[in-house]
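Everything below concerns the one structure shown next.
What follows draws every value from the coordinates through simple rules; no lab data is involved. On a predicted model such as this, the values are computed, not experimentally measured, just so you know. Note that each Cβ is placed from the backbone with ideal geometry, even for glycine, and that neighbours are counted across all protein chains shown.
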Amino acid sequence: MSNQKLISFDSLSLQDFNADAEMIPLMTPEDEEEMANEDLPKTLPILPLRNTVLFPGVVIPITAGRDKSIKLINDANAGDKIIGVVAQKNEDIEDPSMNDIYPIGTVARILRVLKMPDGNVTVILQGKKRFEIDAMISERPYFKADIKEVPEKRPGIYDTEFNAIIDSMRELAIEIIKESPNIPTEATFAIKNIESQSFLINFISSNMNLSVQEKQNLLEMNVLKERALETLKYMNVELQKLELKNDIQTKVRIDLDQQQREYFLHQQMKTIQEELGGVTYEQEFEEMRQRAKAKKWDEKTAKNFEKEFSKFQRMNPQSPDFGIQRNYLELILDLPWEHFSKDKFDLKNAQKILDRDHFGLEDVKKRIIEHLAVLKLRNDMKSPILCLTGPPGVGKTSIGRSIAEALGREYVRISLGGLRDEAEIRGHRKTYIGAMPGRIIQNIKKAGTSNPVFILDEIDKLSISHNGDPSSALLEVLDPEQNNSFYDNFLEMGYDLSKVMFIATSNTMSTIQPALRDRMEVIQMSGYTIEEKVEIARQHLVPKQLKEHGLTAKDLTIGKKQLEKIVEGYTRESGVRGLEQKIAQVIRNAAKSIALEESYNVKLTDEDVVAILGAPKLERDKAEGNEVAGVVTGLAWTSVGGDILFIESSISKGKGSLTLTGNLGNVMKESATIALEYIKANAELFGLDQDVIGKYNIHLHVPEGATPKDGPSAGIAMLTSMVSLLTQRKVKKSLAMTGEITLRGKVLPVGGIKEKILAAKRANIKEIILCHENESDINDINAEYRKGLTFHYVKEMQEVISLALTAQKVKNAKAIA
C-alpha cells in the first residue's frame, strides 16, 4: 500500500531530481512508439495506490509507508523495475483485498527509489501501458497477478475532429495555468512542447483536480477520442470554477483594500482630533463604559448592553448602522432603570393641592386620595390605570399635573389625537433607517424616573391605518398584569411600566375598543353648574388671564354677578374653555383702554359686559312658556355636556299617519312610533276616541334640523307632546323630562343625568320628570347643585301625563271630533 501525494502541472519539476535518474518527464512520439512496441510480462507484482490513478507515459512520485508496499518496491527495484499499479476503490481501507482494487491499471517502471528519514520510501514511477488483472496468483507477501494488455483505439492522423479536440485541450490547459495561482507559469511551456497527442491527454487527465473514481473512468476508456472529449469537459468546468473563484477574491480584495484605507484615514483623523483636543471614538466608548458601570440594572439588561456595546465598537463609524447603534446604546444608558421618585404620603397636603388647582371634581380627588392611602399602607401597590371621561374643558388634562405634584412624581403627557401609526407606541425596529423608540419609552426617558404620572390625552381619538392599530398596541401598556415587561421594538427588551401612573382622558367611551376600555378604571367627569363656573372663573380664570395680559386685580375687578351674566348669556358648554375666552376678551378691552389712556370702569358692570361682548346670544337656551299645546321641553346629553331640546307637534285631517322631522335618528323615530301606538291602544285613558285619532295626521318636529339627534331619552317627551296635542292641554311651565318608553307603558332609565340636570338648571327649569331608577343618579349629585329643582320619579307613562299636563285646555283649542 502507498500514500501517494498528489501534484499538479508542476510535476515537471521532477527533472530537479538527480540527473542520473532515468526519468522521462515529457514523452515524444518516438518514445510513445517504442513503449507501444514493448511486450508486457505475463505476471506482475501489483501495487495498490490509495488516492491517485497512474496514466501511461506520466511520471509521478509515490510515498509508500506499508511493509508490503515497501517490500514490493525493493524487490522490483532489485529486479526488472516493472510493476503493476492499480487504484484502490476506498482509500480508508488499510489492507485491501482483491475486491477492493480496480481491475484495470497501468504497468509502471520504477525510475528512482528514495528512502525517507521517517522510514517511508518515495518512489518515482512512469506509466507504460494499460493492463487488466486476469487472475490473482498470490496476496503474500504482496499482490501478484497474471495480467493482459488492454489495447486502446486511436484515431487516424487525419481525424479533423480529434485534432480540434487536442488543440482545445492545449488552449484550455494554458488558460487554467494562467488562472490558477498554484501552477507555475513554466508549465505553459511544457504543455506547448508536448508533441504526443495521447500523452497530452494522459498528462492533463493525471494532473486535473478530479476524484479517483473520475480518473479511473478516464483510464478505462478504450477509445482515445472519447477519453479526450471527456477530459475536455472536465477542463471547461475547472476553468469556470477558477474564473469564479478569482472574481470573488478580486472583489474581496478590493473591499478589504477599501476597509484598510478607511481604517488608516480614521486613525489619522483620531490623531488629529486628539491633537486638537476633540472627543475621539475611544473617549466616547470609555464614557459609555463608565456610565454603564454606574447603572443599577438587572443581569439581563447588563448582558444585552455588553453585547450591543461590543458590536458598536467593531462597527465602521461611516456605516449607516453606526448612528443607529449609538442612539440605541444612549437610550439604554438614558432610561431610568430601577430609578423611582419617592412618593409623598401627606394626604392632607395632597388634598390641599387638588382643591387649590381644581374646583369640584370630587370623585376624581377622592380616588386619588384613596390610592395614596393604600400606597402608604402597602408601599408596593401597582399604579392604577385611570380614565377620566367627560366633555371638553372640564379639566381632565390639567388634573394630571396636580396629581403629579400631590404625589411628588414627574409629569409627562402625550396627545393621542389622530395618532394612526402603531410604531408611535411600540417604536420602530432598529433595521430601519431613522428608527426611534416609541413615545412611551421616549417620555419615560424624558421624565428621568420609572414612576411618573403619565397622561394619555384624547385616547378616544386614536385612528387605524395600514400602519397598524395604535389602540391595540396600548393594550400591553395599560394592562397592570402585562406592563411590567412592556416590549418596545427599538429597545428590544422588556421595560417595567407597572409603577407608572397612567391617566387617560377621553370625551366619550363609545369609540374606545372594549378590550382597551376593560383595562381602565373609568371616572366620569360631568359638566360644571353655573355656580361652579362662577367660582372657577373667580378663583382661577380671572387671575390667570389678568397675569397673561399684564394686568393686576387693581386694574380690573369682575364681580360674581357679572361672571354669572357671562356664563349664562355667552357660554353654552359643560367646561370652562369658552368662558375663559370671554373673560380674556373683557380683560383685553381693559388692557386696550389702559394702553390708549382711555377712561374705563375698573369695576365691571352689566352694561360693560353687554358693550364688550354684545347682546346675550344664548337666550334660546331658556325654557319656553309652552302656551301652545303639543310643546314639551326635553333633556338631552351631548358630547359637550347636557342640553335642553323642544319637541312640538301639530295635527291635521288625514288618515292617521305620523310625520317626523328635525334630523332624527332611528332610535328617536322608533320612540315616536311607540308613543303614538301606545296612545292609540290606550285612548280611553286619555279621554280620546281611537276611531277619531285615525282620522288625523300628526306631525312631530324637533327644532334645529341641522343638528343630528338620536337616543331613547326623548321617549316620554314625545308621548307627552302627542297627548298634549290630542287633548289640547298645555304642559306645565318650567317643566322638563327625560326617559325611555316601552309599548307596555313602562318608563325606563337613561344616562347622562348630571349633565341633563345642569342643562335644566341653566334653562331655569324648576321641575324634572324622570324614571324612578334614576333616583340613585340624582342622589350622587351634590345637594347644592340640586337646590331649586323638584324631581318627579315615575314608573308608568300615565304618571308622566298626570304630572306634565294641566287640567284646563288651552285657549282657542282645536276641536277633535
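What the table below lists for this structure:
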| read-out | value |
| --- | --- |
| Computed lengthening from Leu40 to Met116, 0.36 nm per intervening residue step minus Cα-Cα distance | 24.3 nm |
| Computed over the range 143-218, Cα set: Rg, Dmax in Å | 15.1, 44 |
| On Cα atoms only, tilt of 362-378 relative to the major axis of the chain in degrees | 50 |
| Simple Cβ-charge dipole of the range 631-809, Lys/Arg +1 and Asp/Glu -1, about Cα centre, in debye nearest 20 | 560 |
| Top positive-direction residue, dipole computed over the range 631-809 with Cβ charges, set Ala717, Leu748, His772 | Ala717 |
| Vicinal HN-Hα couplings computed from phi for the range 737-744 (Karplus, 6.51 cos²θ - 1.76 cosθ + 1.60; Hz; Gly/Pro x) | 8, 7, x, 9, 10, 10, 5, 7 |
| Charge dipole (debye, nearest 20) of the range 29-149; +1 at Cβ of Lys and Arg, -1 at Cβ of Asp and Glu | 360 |
| Kirkwood-type radius of the range 530-613, with distances r between different C-alpha atoms, in Å | 12.7 |
| Radius 10 Å from Cβ of Tyr570, net charge of other residues (Lys, Arg +1; Asp, Glu -1) | +3 |
| Counted charge near Val667, where neighbours are those whose Cβ lies closer than 12 Å (Asp, Glu -1; Lys, Arg +1) | -1 |
| Estimated dipole of the chain in Debye, rounded to 20 [Cβ of Lys and Arg +1, of Asp and Glu -1, Cα centre] | 5320 |
| For the chain, calculated [θ]222 nm from helices alone, where every DSSP H run of n ≥ 4 adds -39500 (n - 2.57) | -13000 deg cm²/dmol |
| When the convex hull of its Cα atoms is projected in every direction, mean area for the range 29-149 (nm²) | 7.1 |
| Furthest towards positive pole of dipole, Ile165, Tyr785, Ile503, structure part the chain, Cβ charges | Tyr785 |
| Using alpha-carbon coordinates, inclination of helix 715-727 to the longest axis of the chain, degrees | 40 |
| The range 90-153-the range 587-620 distance, computed between alpha-carbon centres (Å) | 123 |
| Label zone at Glu230 (point 7 Å along Cα-to-Cβ), backbone N below 19 Å, the range 57-75 | 57-58 |
| Given charges at Cβ of Lys, Arg, Asp, Glu: the range 544-666 dipole, positive-most of Val632, Gly550, Gly575 | Gly575 |
| Three-way shape label, the range 36-84, alpha-carbon gyration tensor, a/c 1.5 | oblate |
| Largest-first principal axis extents of the Cα set of the chain (Å) | 151, 81, 55 |
| Tilt relative to the chain, helix 560-570 - C-alpha long axis, 0 to 90 degrees, to 10 | 70 |
| Net +/- balance of residues flanking Arg170 in space, Cβ distance below 12 Å, scoring K and R +1, D and E -1 | -3 |
